[in-house]
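Read through the structure below, which is laid out as structure tokens, and then see the notes.
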Amino acid sequence: MIRLKDVEMEYENGTKAIKGITLTIEDGEFVFLVGPSGSGKSTIIKLLTGEVEPCAGRIMINGFSVSNISEKQIPLMRRTLGVIFQDFRLIEKKTVYDNLAFVMRAVGAPQKEIRKRIPYVLHLVDLEKKADSYPTELSGGEQQRVAIARALVNNPNTIIADEPTGNLDPERSLELMSLLVKINELGTTVVVVTHEKDLVDRFGKRVVTIDSGHVVNDSVGGYVGGHIHG
Amino acid sequence: MAKRHDFRYFFHEGLSNMFSHGFMSFAAIGITVACLLIMGTFTLVAVNANALLADLEQENEILAYVDDSYTEEQAKALQSQLEKVPNVASATYISKEEAMEDFKAQYPDEEMFQDLDPAILRDRFAIRMVDLKLQSQTVEKVKEVEGIAEVNAFEEIAGGFVTVRNVATVVCVALIAILFIVSVFIISNTIKLTTFDRREEIAIMRMVGATNGFIRWPFVYEGFMIGFLGAVISFFLQWALYEAVAQGVDTNDTLQLIRIIPFSQLWVPVAGVFAGAGILIGVGGSLSAIRKFLQV
Ligand SMILES: Nc1ncnc2c1ncn2[C@@H]1O[C@H](COP(=O)(O)OP(=O)(O)O)[C@@H](O)[C@H]1O
Ligand SMILES: [Mg+2]
């Protein structure tokens, strides 16, 4: 479960990106986080991953209190999250398989488990045949599916995706979003930042709209607000 | 989530880190070798100078000549007085006749020396000292003993070796300190380069919840390997250098009296110190490189 209570966040240069957000996401939910460019969506993601710290309010993530978490617990908290970015962030000199093995190894998974888990996850994202390819040999959509596989491979409680379809054409975007929905149906909480109205409308999921560091709407269904692109 | 130390993984990563910067790693190993070689060479010179000093302390004697007017009885009586002088370990009486025999034995081929009258020589004491460094004071004290006419000492030789040893020690300590710092600095920069190369991987590891320890280990291994390789290479170079110098001293006539300690007696401490210092330099360098890098 993710819970933000009266959270505020200010960057070092004085930009106040989050101006008091209260938000709860239950286990198993699928939530779209939408809003215009610069409204603070990515900052919320960074608050969830512990990349930046709130200057006020409280954040609870899967049982960890991010506001007063100890240095030692941060890695454990991060293991409950799988993060996906717009720019994929795959390691280009490693194969698809090695990209996944790399993050499993990073959390101490034994070789036996790695060999068992990777084919399963690659099957889930329909990339079994690309295990030995390098990221540069794949299309954008395939690379993003590898990124999803990587986010899933350590079996996190929650998947967080910041504009995962930003670099993809509409068809690939739809495919990818459907994949995230499928993953959600298998039991993982999914939080997706996007500003693609059409996509959001199509799925009829919970939509939280952010503007200027505030939550301006939180409802199930379509995209609220007209001034989206920026 | 296993907590065991993934030795094979860290070793493999550390090794591939090292090869990803072949030239820098080569430079880092080179400077470590230079540091250890200079350190080793000066230390070995100091060790040999020390051994020589110990030899001299054993063998080098002061000769105290007894006044001609003293009878043999009177002369022998001086022994107890001489042995009371501070820093005198022993005083051995040598009569004119014994001295003459020794002298003749030294020059068996010189006809003209063979029938010399012992009367031209003086009775003497061969004095050994406790501490060679105090030789000049001891000589003064021995001169003050009534009945001792003259004292003969090999001050230059002893003094020379004391100086060599002291200079070697000072230069050694200073050089080691400087080179140590330079080596750590260069290794640190080599590893900073690797951490920069690997910043994407590090970011991903951190994102998926790798511990700081896990992220650090490959760099520590890299430093360790650089230091250890440096130590191994320097050991063999040091060995070769030592044997070459020993050979040179051995075949040089004027240096005959210098006894070089065989390397077979020294290799264990040399290997130990080199490995220890190399690893210290390598791991120190890597820790200083990643200390800053891993603060988020
Ligand atoms: N690293 C940063 N330093 C300073 N200001 C930042 C930084 N990142 C984002 N901002 C500012 O914070 C606000 C919110 O940004 P962001 O969360 O990236 O918005 P979004 O993802 O919704 O486009 C914007 O005004 C942006 O300029
Ligand atoms: Mg953003």
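For segment A:84-123: of the residues being open to solvent by less than 10 Å² (accessible area, probe 1.4 Å) and either β-branched (Val, Ile, Thr) or on the phi > 0 side of the Ramachandran plot (or both), which is nearest to ligand 1 (Cβ to nearest atom)? Here the answer is A:ILE84. For segment A:176-209, filtering for residues that are among the polar types (S, T, N, Q) and in a helix (DSSP H, G or I) leaves 2.
Within segment A:131-163, the set of residues being under 15 Å from A:LEU90 (Cβ atoms) and either within 16 Å of ligand 1 (Cβ to nearest atom) or crowded, with 21+ Cβ neighbours inside 10 Å (or both) comprises A:GLN143, A:GLN144, A:ARG145, A:VAL146, A:ALA147, A:ILE148, A:ALA149, A:ARG150, A:ALA151, A:LEU152, A:VAL153, A:ALA161. Count of segment B:169-205 residues, restricted to those that are open to solvent by less than 40 Å² (accessible area, probe 1.4 Å), in a helix (DSSP H, G or I) and not aliphatic (A, V, I, L, M), is 7.
Among the residues of segment A:148-194, write down those that are within 21 Å of A:VAL107 (Cα to Cα) and within 16 Å of ligand 2 (Cβ to nearest atom). Before you say what the answer is, go through the steps one by one.
So the first thing to find is which residues in segment A:148-194 are within 21 Å of A:VAL107 (Cα to Cα), and the list is A:148-161, A:188-189.
Within segment A:148-194, A:ILE160, A:ALA161 qualify.
A quick yes/no check of all residues on (1) at pLDDT 85 or above; (2) within 14 Å of another protein chain (Cβ to nearest Cβ); (3) out of contact with any helix residue (DSSP H, G or I) (no Cβ under 6 Å at 6 or more places or on another chain):
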| position | (1), (2), (3) |
| --- | --- |
| B:LYS3 | no, yes, yes |
| B:HIS12 | yes, yes, yes |
| B:HIS21 | no, no, no |
| B:PHE26 | yes, no, yes |
| B:ILE29 | yes, no, no |
| B:LEU37 | yes, no, no |
| B:LEU44 | yes, no, yes |
| B:VAL47 | no, no, yes |
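The residues of segment A:32-50 that are closer than 22 Å to A:LEU76 by Cα and more than 10 Å from ligand 1 (Cβ to nearest atom), listed by number, are A:LEU48, A:THR49, A:GLY50. Of all the criteria given as (1) touching a Lys or Arg at 6+ places or on another chain (Cβ under 8 Å); (2) farther than 20 Å from A:VAL181 by Cβ; (3) within 14 Å of chain B (Cβ to nearest Cβ), the one not satisfied by A:GLU92 is (1). Once segment A:29-49 is narrowed to residues that are open to solvent by 20 Å² or more (accessible area, probe 1.4 Å) and within 9 Å of ligand 2 (Cβ to nearest atom), the residue that is farthest from A:GLU163 (Cα to Cα) is A:GLY38. Kindly establish whether A:ILE159 is more than 29 Å from B:SER20 (Cα to Cα), β-branched (Val, Ile, Thr) and within 13 Å of another protein chain (Cβ to nearest Cβ). Spelling it out, A:ILE159 is indeed more than 29 Å from B:SER20 (Cα to Cα), β-branched (Val, Ile, Thr) and within 13 Å of another protein chain (Cβ to nearest Cβ). Which residue out of A:THR24, A:THR49, A:THR15 is within 14 Å of chain B (Cβ to nearest Cβ) and of a type in the set (S, T, N, Q)? Checking each option against the conditions leaves just A:THR49. All conditions but one from (1) of a type in the set (A, V, I, L, M, F, W, C); (2) open to solvent by 30 Å² or more (accessible area, probe 1.4 Å); (3) more than 14 Å from chain B (Cβ to nearest Cβ); (4) away from ligand 1 (no atom under 16 Å from the Cβ) apply to A:ILE69; the one that does not is (3).
The values are calculated or read from the model by the stated rules, or taken from the named source; none is laboratory data. Just so it is clear, the structure is predicted and the values come from calculations on it, not from any experiment. All Cβ positions, even for glycine, are placed from backbone atoms using ideal geometry, and neighbour counts span all protein chains on display. Just the protein is used for accessible areas: all its heavy atoms, side chains included, with ligands, DNA and RNA removed. Shrake-Rupley method; radii C 1.70, N 1.55, O 1.52, S 1.80 Å.
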